[in-house]
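The structure appears right after this line, and notes come after that.
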Amino acid sequence: MAYAYLFKYIIIGDTGVGKSCLLLQFTDKRFQPVHDLTIGVEFGARMITIDGKQIKLQIWDTAGQESFRSITRSYYRGAAGALLVYDITRRDTFNHLTTWLEDARQHSNSNMVIMLIGNKSDLESRREVKKEEGEAFAREHGLIFMETSAKTASNVEEAFINTAKEIYEKIQEGVFDINNEANGIKIGPQHAATNSTMGGSQGGQQAGGGCC
Amino acid sequence: MDFLRGVMGSKPAGPQPTGAETIQKLCDRVASSTLLEDRRDAVRALKSLSKKYRLEVGTMSMDHLVRILQTDRSDTEILGYALDTLYNIVCNDEEEEQDDSEEENQQKQEDDLGAQFTDKFIQEPENITLLLTLLEEFDFHVRWPGVKLLTALLKSQCAQVQGIVLVSPMGVSRLMDLLADSREVIRNDGLLLLQQLTKGNAAIQKIVAFENAFERLLDIITEEGSSDGGIVVEDCLLLLLNLLKNNSSNQNFFKEGSYIQKMKPWFEVGDDNSGWSAQKVTNLHLMLQLVRVLVSPVNSPGATASCQKAMFQCGLLQQLCTILMATGVPADILTETINTVSEVIRGSEVNQDYFASVNAPSNPPRPAIVVLLMSMVNERQPFVLRCAVLYCFQCFLYKNQKGQGEIVATLLPSTIDANSISAGQLLCGGLFSADSLSNWCAAVALAHALQDNLTQKEQLLRVQLATSLGKPPVSLLQQCTNILSQGDKLNRRGSRVQTKVGLLMLLCTWISNCPIAVMHFLHNQDNVPFLTGQISENLGEDERLVQGLCALLLGICIYYNDNSLENYTKEKLKQLIEKRIGKENFVEKLAFITKHELYSRAAQKPQPAFSTPEHMLFDHEFTKLVKELEGMITKAVLRSSEEEKKEEEVKKTLEQHDSIVTQYKELIREQDSQINELKKQVTALTSQTENLESTITQQLSQIQQHKDQYNILKLKLGKDTQQAGNQAEAAHVNGLQPEELSQLRERLEEVQRQNQLLQTQLTEKDSLITSLKAEGVPSVEDSTSEVTELRKEVEGLKAQLQSQTAEITQLQNERQELLRGSEPTVAVPAEESVYKEKIAELESRLSAQTTENQKLKGEVKTLLESKESMEKDLASATSTSAILQAEKNKLQQEVQESKKEQDDLLMLLADQDQKILNLKQRLKDLGEPIEDEDELDSRDQFEDDDEEEEEEECDE
């Protein structure tokens, strides 16, 4: 399908916080209560609309386990957006956020948009991390914040879309170099054709050549 | 280094001592020389020796070379030599010069050598990391040998090196950058490196894909001319295969990235006949394999289905079908295309329908299916092609009831078309041809037309075959069994077993789960004796499978027997087995099927792929059927008749129980549904009543409200009327009795009367006022301004009055409305409504009157007030006039007094005049001139008068 932009996302965070479930809820609109441990990374994709433009999201859901950390680090550099997820019913997953953030900042490109997500907001009775704490952490580190529930689908859509909006705004502001695909952003084939004078990029020409 | 010594010892002659010594010297120079040039020369020398003295150079210099890589980063030349040297000692491929004269053993040792040196090199994982950083060096002399070295390391110790690259930060990304290198050699060797790197490592495959590998590889393929391109295209395709094979995540990414659409132009080869080079054949073969990887039957059904959909939507399937029907396509490409089309349509209704509609460009046009089947039953066609066609046919019928029906229909007498060749005819032809391979393929193909389709199993029973002239037609089923039992007189090519196996598989598929077909089969008296004979006979090894299949067929006859044939009931057949074969023997023979070596291979995947035509024995779908039936048949046969009877009794009682239970269940279900319905009704009713109650209370409260409002209005009204002096009794206007009506009328009249009274009073008062005004105005001119003020006030009051009256009417209107509003909620009898209307009329009249009354009253009041004020004015005016009168009186008194004085003075004057006259007379008398004096006197007299008046005024 034709798209104006393509954004690459990664989902990171401790094991068991619901990263794969968030992705499944976003791409398939369903919830799987029992989910196998993710091995390495898994891929998912969906089309969204922002500002009347079709945007394709390609999402790499990473394994949270420590043993996969070195593998998942390979995905930071090429991503335009990251969803950093913790579990509001497990304080330790919140405490590890600093490590995750350091890791992400170290290996990603500096413009990567990071959305902090407190997942499992449906389990209010077992909550260990207050919403205010999440908000404070996000404020402190310049992240966008949201509490979601992959189970009830609450805010899941918004989390992915708001991240895309932020990236989109950064593109409008000219912060991102959209001609460098290593940033996790790609201009769509038809878009590249219309913007050929502006872009004139190799990527755009190649995409144009490939689609016919 | 024991192993090295071992290797050295095995060499008969041993290395030349000078060589080892030289290498040692060179190593020393590399290690100790402070001059770069010196070190560089030494490394160059080592490089030149590294092929000939691989073992020695490897053993002695590796550490030194690694150190050079670490320390001499600035000199690309020495780095290049060091990398080349390492490559030479690690790589096994460079032994090409070694001729066949060298023993094979030697070659193996060389291989070991490469592995051992690799082991040594990667013992320090940092060495790999170091190598990865060196690959960032743009200089050709560093990058190229670096790429080759890493490729060699991967080739010899794949998993370990992969593991190290995987955990090195940015490791894979750096290697991906090689594909963007402008120097083709590096890009192409980069491709080879990535091929090795991605071999069997899903994690690396995913990272490579994440780093836009698909995009870049597809671009390179396009740049290089797609299938017409050279070996680079082949390398790209191999890498793509590595990335996609058995990697569902990457397959999903590939599909989501719309890369399937980019594959379509690959297959636009058409009929141009521009020649099919070996490279083009290889490229196209790999391209077809890539398509197959995406729609492989072993993938998850959802993933395959979405790829199949995409392939149809972008026209890729159509393009493949064009190749299928094109001329001049090499056989192996055609075969692989058929296999690819098979998997693109397998289980996908839309794609299957499209495939059924494809026509070959022949004259007249024939369906592609027919053309393909012609190849399948044509023994001159290559074996793999025939297998591919069978696979295609199977895939076309897989989960395709419509397709199955269409195929079977071409055999039915009603729909048969004599003029053209149909699929059914071709299959029958194949079934009874002299070629065993055709027999087998046709049998399996026909079996697939019946798979899981009871309707077609029954339909196919209707098929009759014309045999030689003069003989009655024979059914297809019978013909199959005839060939099996009697054997035909044909001199067959191929193996008889293959034919038998094919037919038996067809029969098993046909009659399983179809009691009518079982009955048809048993109806022929020859069939059962033939089967029992086959099973009980002690046949050779190659006939064992046939025995097993016969046992299976007999088993199916028992299992799916509806006992409608007296001679061949379940029971009788079992007795037959017991007598003629023996139960144990039967089960043993049955097990021959699954024990066959080719059985498990066929069970693995749907595609019929056999190394030789002789191996073509089992069909994939048939293995599923065997799995399903074997246990059930074994159980059914092993049970003794008594057991069976008992069991059947038990079964019967169970069935009875079951039926009772089911009856009860149904009853319960019915009751349950009834209860549910009733519950629903109850809830509906309760909710309804609740609703009604609430409306009632609402209405009641409304009514109450209306009543209250009405009472308030009434009270107001009452007050008003009382104020006006109305004595009308507080009649219940709300009451709807006729006598109240009359009361109201009376009241109205009274009000009217009083109104008149008031009006008369008013006129009286008015006239009074005017008279008073008339009186007051002339007497008191200075009080008029006050009066106008008063008038203004009066007018203001009048305005107020009017607004109030308006308010009152408004309120009354409101009340009227409310009364009207409450009407529909209260159930009012029809006659009462009439009264109500009357009342309303009267009330409106009453209210009009009252307002008039009110108005008049107000006027009266204001007029009274103005009258009072006028009177007051009048009083004040009169008082002032009284004062003025008093003053006037006083003045008049004074005037009188002064008049009196004047009179006195006049009298005095007259006296004096008299005296003057007297004196004048006397003077006259005395003779004195008096005329002047007279005049003087008169003048004096006048002056005197003036004086007098002046005096008067002064007094005042």
Checked against (1) open to solvent by less than 10 Å² (accessible area, probe 1.4 Å); (2) without any contact (Cβ under 8 Å) to a residue 60 or more places away in the chain; (3) β-branched (Val, Ile, Thr); (4) more than 13 Å from every other protein chain (Cβ to nearest Cβ), A:THR62 satisfies every condition except (4)
Pairs under 8 Å by beta carbon, first residue more than 10 Å from every other protein chain (Cβ to nearest Cβ) in the range B:163-191, partner in a loop (DSSP other than H, G, I, E, B), six or more apart or different chains? B:ARG174/B:LEU135; B:ARG174/B:GLU136; B:LEU175/B:LEU135; B:LEU178/B:LEU135; B:ARG187/B:ASP181; B:GLY190/B:ASP181
Working only within the range A:16-33, note down all residues that are closer than 26 Å to A:ASN95 by Cβ and open to solvent by 50 Å² or more (accessible area, probe 1.4 Å). A:PRO33
Number of positions in the range B:207-244 that are more than 22 Å from A:VAL41 (Cβ to Cβ) and either surrounded by fewer than 23 Cβ atoms within 10 Å (Cβ to Cβ) or not hydrophobic (A, V, I, L, M, F, W, C) (or both): 16
Just to be sure, is B:GLY502 of a type outside the set (S, T, N, Q), open to solvent by less than 30 Å² (accessible area, probe 1.4 Å), outside any loop (DSSP other than H, G, I, E, B) and within 17 Å of B:GLU621 (Cα to Cα)? yes
Going through the range B:41-81 one residue at a time, which ones are open to solvent by less than 40 Å² (accessible area, probe 1.4 Å) and either outside any helix (DSSP H, G or I) or charged (D, E, K, R) (or both)? B:SER50, B:TYR53, B:ARG54, B:GLU56, B:ASP72, B:ASP75
Do we find that B:LEU884 is within 30 Å of B:SER767 (Cβ to Cβ) and open to solvent by 80 Å² or more (accessible area, probe 1.4 Å) in this structure? yes
Looking only at the range B:196-244, filter to residues that are within 14 Å of chain A (Cβ to nearest Cβ) and hydroxyl-bearing (Ser, Thr, Tyr); which one of those is nearest to B:GLY275 (Cα to Cα)? B:SER226
In the range A:34-54, the residues that are within 14 Å of another protein chain (Cβ to nearest Cβ), open to solvent by 10 Å² or more (accessible area, probe 1.4 Å) and either in a strand (DSSP E or B) or small (Gly, Ala, Ser) (or both): A:GLU42, A:PHE43, A:ALA45, A:ARG46, A:MET47, A:GLN54
For the range B:730-745, check the following and say yes or no: at least one residue is surrounded by fewer than 16 Cβ atoms within 10 Å (Cβ to Cβ), in a helix (DSSP H, G or I) and modelled with pLDDT of 70 or more. yes
Is there a residue being within 14 Å of chain B (Cβ to nearest Cβ) and among the hydrophobic types (A, V, I, L, M, F, W, C) anywhere in the range A:83-90? no
Helices (runs of 4 or more DSSP H) fully within the range B:245-306 counting 2 or more residues that are within 14 Å of chain A (Cβ to nearest Cβ) and open to solvent by less than 10 Å² (accessible area, probe 1.4 Å): B:248-256, B:259-263
Using the structure shown, decide if A:THR72 is facing chain B (nearest Cβ under 10 Å) and either part of a loop (DSSP other than H, G, I, E, B) or among the polar types (S, T, N, Q) (or both). yes
Pairs, please: C-beta under 9 Å, at least 6 apart or cross-chain, first residue free of Cβ contacts under 8 Å to residues at least 12 places away in the same chain and within 18 Å of A:ALA79 (Cβ to Cβ) and in the range A:32-50, second open to solvent by less than 70 Å² (accessible area, probe 1.4 Å) and not basic (Lys, Arg)? none
Give, as residue ranges, the strands (runs of 3 or more DSSP E) completely inside the range A:102-212 that count at least 2 residues that are surrounded by 20 or more Cβ atoms within 10 Å (Cβ to Cβ), within 14 Å of another protein chain (Cβ to nearest Cβ) and modelled with pLDDT under 95. A:185-187
A:PHE94 being buried (at least 17 other Cβ atoms within 10 Å of the Cβ), among the aromatic types (Phe, Trp, Tyr) and more than 14 Å from chain B (Cβ to nearest Cβ): yes
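The values are calculated or read from the model by the stated rules, or taken from the named source; none is laboratory data. Nothing here was measured: the structure is a model prediction, and the numbers come from that model. No Cβ is skipped: glycine too gets one built from the backbone with ideal geometry, and neighbour counts run over all protein chains shown. For the accessible areas, the whole protein counts, side chains as well, though only heavy atoms, and no ligand, DNA or RNA atoms are used. Shrake-Rupley method; radii C 1.70, N 1.55, O 1.52, S 1.80 Å.
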